[in-house]
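Here is the structure we will look at, set down as structure tokens.
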Amino acid sequence: MVSIERRELLDFATLKRKAGKALANAHHLPKSQLRTCRCCNRFTLVASFSEGEEAKLCVRCRANLRYEMLATYLRSADLDWKDLAVLELDHRSPLRRLLSQAKTYFRSYYSSSEKLGSVRFDGARCEDITQLTFEANSLDLIVSSDVLEHVPDLEAAFRECHRVLKAGGSHVFTVPVRAATRKRAEIVDGKINFLMEPDYHSDPLNPEGILAFWDYGLDLDEVFGTSALRISIVAGPTGKDKRVVWKATKADG
């Protein structure tokens, strides 16, 4: 477990990096908007820190476009939250306020050095999407945002989704949209084998970034969808980056 002193240092380092980045990108601030955030549903300032939609953030909940799209879809799905068991693959997501309406709401993070299923100081569980600690047919909904592109064994991830979801349950997720679905890197004998030029995405827990193992195109269902786990687009494309929301649904029966 990380000590309080260590957590404070990590928080300070993160704040320092963000402050430096904000100052460097201050010329984008005039493009900020005052409007209702579609994630937290509150009137707010959506601050602009770059041309890209990833860095246009609600100052109340930190949501950007993909989180707003997820929240909008989940509200439109007219879910009966009081009966749902929900897992989110993010321990400090802007969706927390919405998803905490569920009867059971699990927040998770991944750490290769911690025991899977363990619960840390803030109530978040250590989970690996390729080997979840939940029982079969125990979850109604899994939510993730820009996680699956960093999973080396995507087939194992979708198998686990199918195993833990109840019949009719879904994994609702976003991934960056690319031209086609293809593997960028793989793990061979414990080492990374790069199939393409390495692509590292920003990660608040790792200043060096996190490696993308996959590109995802609009052909995702053709590549990974099955009769047991149907994959479909439920929102989008939207915005400059043509963002979409995907849903992988476990077949009934």
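All conditions in (1) buried (at least 19 other Cβ atoms within 10 Å of the Cβ); (2) in contact with a Ser or Thr (Cβ under 8 Å, 6 or more places away or on another chain) hold for Ala156, with the sole exception of (1).
When Ser112 is tested against (1) in contact (Cβ under 8 Å) with a residue 12 or more places away in the chain; (2) farther than 19 Å from Leu165 by Cβ; (3) open to solvent by 50 Å² or more (accessible area, probe 1.4 Å), just one condition goes unmet, and that condition is (1). Look at Arg184 and say whether it is open to solvent by less than 50 Å² (accessible area, probe 1.4 Å), of a type in the set (D, E, K, R) and under 18 Å from Met69 (Cβ atoms). Answer is no for this residue. The set of residues in the range 84-109 being of a type in the set (S, T, N, Q) and crowded, with 17+ Cβ neighbours inside 10 Å consists of Ser93, Ser108. For first residues located in the range 61-89 and free of Cβ contacts under 8 Å to residues at least 60 places away in the same chain, partners that are among the small types (Gly, Ala, Ser) and part of a loop (DSSP other than H, G, I, E, B) and lie 6+ apart or on another chain with Cβ distances below 6 Å form the pairs Trp81/Ala102; Leu84/Ala102; Val86/Ala102. For the range 93-119, a tally of residues being touching an Asp or Glu at 6+ places or on another chain (Cβ under 9 Å), outside any strand (DSSP E or B) and at pLDDT 95 or above returns 8. Note on the range 221-230: among residues that are out of contact with any Ser or Thr (no Cβ under 9 Å at 6 or more places or on another chain) and open to solvent by 70 Å² or more (accessible area, probe 1.4 Å), the one that is farthest from Ser145 (Cα to Cα) is Ser227.
Yes/no matrix, rows are residues, columns are (1) part of a strand (DSSP E or B); (2) modelled with pLDDT under 95; (3) crowded, with 17+ Cβ neighbours inside 10 Å:
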site	(1), (2), (3)
Pro198	no, yes, no
Glu208	yes, yes, no
Ser232	yes, no, no
Asp241	no, yes, no
Val244	yes, no, yes
Thr249	yes, no, yes
Gly253	no, yes, no
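Is it true that some residue in the range 168-191 is part of a helix (DSSP H, G or I) and of a type in the set (Val, Ile, Thr)? No: zero hits. Spot the failing condition for His162; the list is (1) under 16 Å from Ile231 (Cβ atoms); (2) open to solvent by less than 50 Å² (accessible area, probe 1.4 Å), and only one is missed. Only one criterion is unmet by His162, namely (2).
The values are calculated or read from the model by the stated rules, or taken from the named source; none is laboratory data. Being a predicted model, the structure only gives us computed values, none of them experimental. FYI the Cβ positions are ideal-geometry reconstructions off the backbone, even for glycines, and counts take in every protein chain you see. Surface accessibility is based on the protein's heavy atoms, side chains included, excluding ligands, DNA and RNA. Shrake-Rupley method; radii C 1.70, N 1.55, O 1.52, S 1.80 Å.
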